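A short reminder: the numbers here are calculations on the coordinates, not readings from a lab. This one's a predicted model, so the numbers in the text were calculated from it and none came from an experiment. No Cβ is skipped: glycine too gets one built from the backbone with ideal geometry, and neighbour counts run over all protein chains shown.
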Amino acid sequence: MIRENEDTARYVLDHCCQSGGFCDDWEDKPRFSDSFWACAALELLDVRFYDPETARYLAGLQAEDGTYPSLFCGWYAISALRALNHAPVYDPSWWIFQQVRVPLEGKGGLGPASLFEPLYLVSDLCRRFSVPVPPETVRSVERFISGCQEEGGGFGSVVPNLTETFHAVAVLRAFGRHVPREDVISFISKCEDPDSGLVPHPGAAGSCLEHVHSWSVLCSLVGYRSLMLGAGRVFVQACRHESGGFSSSAAGGSPALGHTWRALATLRHLDYLETGSASRPLRTRGSPSCH
């Protein structure tokens, strides 16, 4: 491992619970989301991490019939196991199939979360486990998502934004449907403000790491080599905390495992967009050694 990543790896490993799994607040109470962010961050850092207790904790989130308590729990648990080169103990295919649901409402939805995130998670699982989805269901998903696209090219339940556009495009790709690439690139360019930097949607002021991460994934999905790749890297590096973790804002704040994973994932996407390869070591900043 190159030196500049070592303190980030130590920050992540310091959040490992004695009973297995990871927790952001250093209590011995693992969370499936924290466990994914930690395991995936270590994978991005090329850290060979294996903890039997963590694998046991993640496997224990699945019932013997292959189900999980929720779609979010299932996606996080399965993805964390994948980062550890493990698979679920029981085949989750039938449970995944049952999670494919088209939302009943489109525009005007309440809450800050992405309307398309559940579809994003389940379409990703369908792709990974080769779960067949009926053509009519796929067409219904496509109609629903297309109905949430604005003239400016972006997607959103209330206001078109980078995160919901990223989720929408990822769902269309996972189900093999048409992606309006030029329209999406036009929308991305409207979120690249020369003065404010990267913004979550046209006309917004300021941004956070989640939006910059969504921007980097979206650029990768549609093959858009933005002129602001360097600015995106500067923003991520500015979010770095002295602990080795990353916060959500370049203006400061507390680091968190989720922010740290998003930062590392963003850097990996930027590496790919800049060089066409994501195999070289991540370019972060750091210091001492972690073994």
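Going through region 184-256, which GluC sites (Glu not before Pro) have at most 13 other Cβ atoms within 10 Å and a DSSP loop state? Don't skip to the answer; put the middle values down first.
Working: sites: E192, E210, E242; in loops: E242.
Of the GluC sites (Glu not before Pro), the ones in loops of region 184-256 whose Cβ has at most 13 other Cβ atoms within 10 Å are E242.
For the chain, set up a Gaussian network in which alpha carbons nearer than 10 Å are linked by springs, and say which option among S70, S247, S196 fluctuates the most.
Looking only at S70, S247, S196, the biggest GNM fluctuation is shown by S70.
Working out 0.36 nm times the residue gap between V89 and S196, then minus their Cα-Cα distance, what length gain in nm do you get to one decimal? Please list the in-between numbers first.
Details: separation 107, 0.36 × 107 = 38.52 nm, distance 4.75 nm.
Additional length available on full extension: 33.8 nm.
Could you tell me the center-to-center distance, by alpha carbons, between region 3-44 and region 45-66 in angstrom?
Each part reduced to its Cα centre gives a spacing of 13 Å.
Mind ordering 175-185, 256-266 by average Cβ neighbours within 10 Å, highest first? Write down the numbers at each step before the final one.
On the way: 175-185: 15.3, 256-266: 24.5.
Highest to lowest by the protection proxy: 256-266, 175-185.
What per residue convex hull volume, in Å³, comes out for the chain when only alpha-carbon positions are used? Present the calculation step by step, with values, prior to reporting the outcome.
Working: hull volume 38.4 nm³, N = 291.
Spread over its residues, the Cα hull of the chain gives 132 Å³ apiece.
Name the residues whose placed amide hydrogens come within less than 5 Å of the amide hydrogen of F246, ignoring near sequence neighbours (fewer than 5 apart) on the same chain.
Under 5 Å from the amide H of F246 lie the amide H atoms of H241, A256, T260, each far enough along the sequence or on another chain.
Can you give the FRET efficiency to the nearest 0.05 for R127 and E210, using r as the Cβ-Cβ distance and R₀ = 22 Å? Can you show the working numbers first?
Details: r = 23 Å, r/R0 = 1.04.
Efficiency computed from Cβ-Cβ geometry: 0.45.
List the residue ranges in the chain for DSSP H helices whose C-alpha atoms run 24 angstrom or more along the long axis and whose Kyte-Doolittle average is 1.6 or above. Can you show the working numbers first?
Details: long enough: 257-275 (27 Å, -0.24).
Once both thresholds are applied, nothing remains.
Please state, as a whole number in µm²/s, the translational diffusion coefficient that the Stokes-Einstein equation yields for region 191-280 at 25 °C and 0.890 mPa s, with Rh defined as the Kirkwood radius across alpha carbon pairs. Don't skip to the end; give the middle numbers.
Values: Rh = 13.0 Å.
Approximately 188 µm²/s, per Stokes-Einstein.
Taking Rh as the Kirkwood radius computed over C-alpha pairs, what is the Stokes-Einstein D of region 100-180 at 10 °C in a medium of viscosity 1.306 mPa s, expressed in µm² per second?
My calculation gives 126 µm²/s for D.
Once you have all Cα-Cα distances for region 1-96, histogram them in 10 Å bins from zero and send the whole-percent values.
With a bin width of 10 Å, the distribution comes to 17, 49, 26, 6, 1.
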